[in-house]
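For reference, the structure discussed in these notes is given below.
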Amino acid sequence: MSPDPLDLSLRGQAAAVAAGEADPAELLDAALARIEQRNPAINAVVEIFPERSSEMAAGAPDGPLRGVPVVIKDEWPLPWRAQRFGAAEMITPSAPGESGPYLALRAAGATIVGVGNMHELGSGSTGAISCYGPARNPWDTERCPGGSSSGPAAAVSARLVAGAVGADGVGSIRYPAAYCGLTGLKPTFGRSAMAGHHMADVSTTIVSGPLCADAADCRLLGSVLFGEELAGGDAAGLRIGIVRDTVTDDVAPAVRDACEAAITALREETGGEIVEVELADLEAAALATVLIANTEGLSGLSPARLNSLSPELSPIGRGLLKYRMLLPAAASVKAHAVRTLMRRRLAAAMEGIDVLAWPTVPAVAPPLAAPLVELPSGTLSADQANVRGAALANLTGVPAINVPVGFADGLPIGLQLQAAWGRDELLLDAAEALERANGRRWVEALPPLAQAATETTEA
């Protein structure tokens with residue numbers, strides 16, 4: 001094992017600090033040095049503040065993450081820094097503040113070492129657009145890291161830190177987790193810290209959540225964000241639901257094969273069963289989710305405000321804002337009707353299963369220069385393809401998790417598991433069972449950037 005304490009898991013670092021085997025100040029210095037060394041290649045961390053981080057480390061209470069460095073997405077205000085949402089200018093003014101995730105991390109004793117990059121305005125699944133320049137995938141720096149929590153995911157994947165806080169409004173934790181080979185939990189709506197988010201009072205889809213290498217670290221960081229222990233349980237006898245729909249059929253062959261093999265392995269590990277379920281209108285559910293998320297983002301937007309926004313805002317970002325303003329009220333009403341329908345259908349389906357499984361995204365990370373994916377149905381934009389599998393959890397509010405299950409062309413593949421409302425702990429149990437089934441092969445895999453740096457350190 002490398003002598004660098006940053007190569008320990010999130011829980012390993014916390015245990016080392018608690019045992020007096022690692023010092024919070026030394027961990028912070030190591031994290032800052034690693035950011036200086038590795039971050040230029042991936043642009044995951046867009047701002048550091050050593051003095052503020054040192055103050056957090058020095059004054060850290062004896063919590064479950066005392067002295068452990070983490071990254072937080074540019075979606076959350078800090079007392080010394082306003083959030084920017086990866087944009088040259090936000091629709092409504094932002095200001096520094098004590099956001100819910102910040103308060104949770106501070107109470108747990110964590111050290112916020114930097115702010116993670118994100119897709120501009122949170123409006124994309126690729127991470128390809130940001131006022132800071134795009135974050136890059138540590139597995140291939142010419143590929144998308146996923147969005148909108150692009151920087152937090154890339155930072156953990158490259159092992160700049162062992163844990164990061166993202167946000168998921170329409171898949172924004174799960175997409176980058178899948179592209180970067182991480183475990184990423186989208187909590188049940190309302191369970192995780194949201195105070196201070198500029199849409200906290202209006203959004204019915206956005207949640208904060210953890211991005212880590214494995215399920216145990218997600219359980220630890222998730223417990224901090226939830227403000228309650230996410231106790232471990234037993235996934236024995238797991239009933240795994242599968243559907244036959246676009247989300248499983250219009251998928252790149254390598255992704256489909258890896259996910260099917262993982263589902264079989266999970267069934268064998270838990271002594272469970274695979275149950276085919278009917279869940280109609282998933283495409284309508286995806287459209288409804290996009291409509292709801294966009295109409296909820298209308299606050300503060302007017303033609304005058306749109307025209308006054310910084311010229312540095314990307315043409316795509318500006319176009320999406322115009323699209324929001326053109327949405328008819330009738331579309332929003334129908335979208336909420338679809339939400340009610342899908343909540344009822346999903347609840348009925350969950351009576352006969354414990355988790356619902358399908359690929360998180362239908363193809364591995366596309367090139368940053370052209371975020372397109374090749375599927376059996378043809379060439380699609382990654383945004384168009386990705387939302388089909390992620391939207392249901394945001395629309396209905398149920399928890400979902402991405403679990404790494406393989407590689408194709410040297411890039412990670414992710415399986416998504418969804419559970420009934422409030423059963424976040426079960427998802428973590430199932431993810432840990434899947435890790436046992438594959439010998440932790442995928443959660444312990446390191447991207448080339450981290451491998452090369454580790455080999456240099458050990459030499």
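Take the alpha carbon gyration tensor of region 5-450, find the square roots of its eigenvalues, order them as a ≥ b ≥ c, and report rounded if a/c is under 1.5; if not, report prolate when a/b exceeds b/c, else oblate. Verdict is rounded for region 5-450. Counted residue by residue at 0.36 nm each, then reduced by the alpha carbon distance between them, the extension gain from SER54 to ASN307 reaches 87.0 nm.
Ranked by the mean number of other Cβ atoms within 10 Å of their residues, highest first, the peptides 244-252, 360-368 fall in the order 360-368, 244-252. Put a plus charge on the Cβ of each Lys and Arg, a minus charge on the Cβ of each Asp and Glu, and nothing anywhere else: the dipole of region 315-357 about its Cα centre is then about 340 debye.
Between VAL207 and ASP168, GLY169, the built amide H atoms are under 5 Å apart, and every one of these is 5 or more places off in sequence or on another chain. Annotation: lysines with alpha-carbon distance below 28 angstrom to LYS334 (same-chain offsets under eight excluded): LYS186, LYS322.
Summarising the amide proton neighbourhood of VAL275: residues at separation of 5 or more, or on other chains, whose placed amide H is nearer than 5 Å comprise ILE240, GLY241, ILE242. Computed over the chain, the per-residue total of -39500 (n - 2.57) for DSSP H runs of n ≥ 4 gives a 222 nm mean residue ellipticity of -13000 deg cm²/dmol, rounded to 500.
Comparing SER381, SER223, MET350 along the charge dipole axis of the chain, the residue lying farthest to the positive side is SER381, per the Cβ-charge model.
The figure for ARG324 is an accessible area of roughly 30 square angstrom, using a 1.4 Å probe on the protein chains alone.
Remark: region 395-403, residue by residue, has Karplus-estimated 3J(HN,Hα) of 5, 8, x, 6, x, 8, 9, 9, 10 Hz, where x stands for each Gly or Pro and the curve is 6.51 cos²θ - 1.76 cosθ + 1.60 at θ = phi - 60°.
Label positions at GLU276 and ALA231, each projected 7 Å from the Cα along the C-beta direction, are separated by 3.8 nm. Whole-Hz Karplus values for region 50-67 come out as x, 5, 5, 5, 5, 5, 5, 5, 5, x, 5, x, 7, x, x, 10, 4, x Hz, taken residue by residue from phi with 6.51 cos²θ - 1.76 cosθ + 1.60 and θ = phi - 60°; glycine and proline positions read x. Taking amide H atoms as placed 1.01 Å from N in the peptide plane, the amide H of VAL45 lies under 5 Å from those of ASN117, each 5 or more residues away in sequence or on another chain. 3J(HN,Hα) along region 314-326: 5, x, 5, x, 5, x, 5, 5, 5, 4, 4, 5, 8 Hz, from the Karplus curve 6.51 cos²θ - 1.76 cosθ + 1.60 with θ = phi - 60°, whole Hz, x for Gly and Pro. Rounded, prolate or oblate: pick one for region 16-160, where a ≥ b ≥ c are the square roots of the eigenvalues of its C-alpha gyration tensor, a/c under 1.5 means rounded, and failing that, prolate if a/b is larger than b/c, else oblate. Cα axes put region 16-160 in the oblate bin. Near GLY352: Cβ cut-off under 12 Å, other residues only, Lys/Arg at +1 and Asp/Glu at -1. The net charge is -4.
If the chain linking THR204 and GLU374 were pulled fully straight, counting 0.36 nm for each residue of separation and taking away their Cα-Cα distance, it would gain 58.0 nm.
Positive-end ranking of LEU65, PRO79, SER54 along the dipole of region 30-101, with charges on Cβ about the Cα centre, is headed by LEU65. Tally up the carbon and sulfur contribution to the accessible surface of region 68-221 as a whole percent, 1.4 Å probe, everything protein left in place. Roughly 52 percent of what the probe reaches on region 68-221 is carbon or sulfur. If only the Cβ of Lys and Arg carry +1 and only the Cβ of Asp and Glu carry -1, the dipole of the chain around its Cα centre is close to 1320 debye.
The values are calculated or read from the model by the stated rules, or taken from the named source; none is laboratory data. These numbers come from a predicted model, not from an experiment. Ideal geometry is used to build each Cβ from the backbone, glycine not excepted, and the neighbour counts take in all protein chains shown. Note: areas computed on protein heavy atoms with side chains; ligands, DNA, RNA excluded. Shrake-Rupley method; radii C 1.70, N 1.55, O 1.52, S 1.80 Å.
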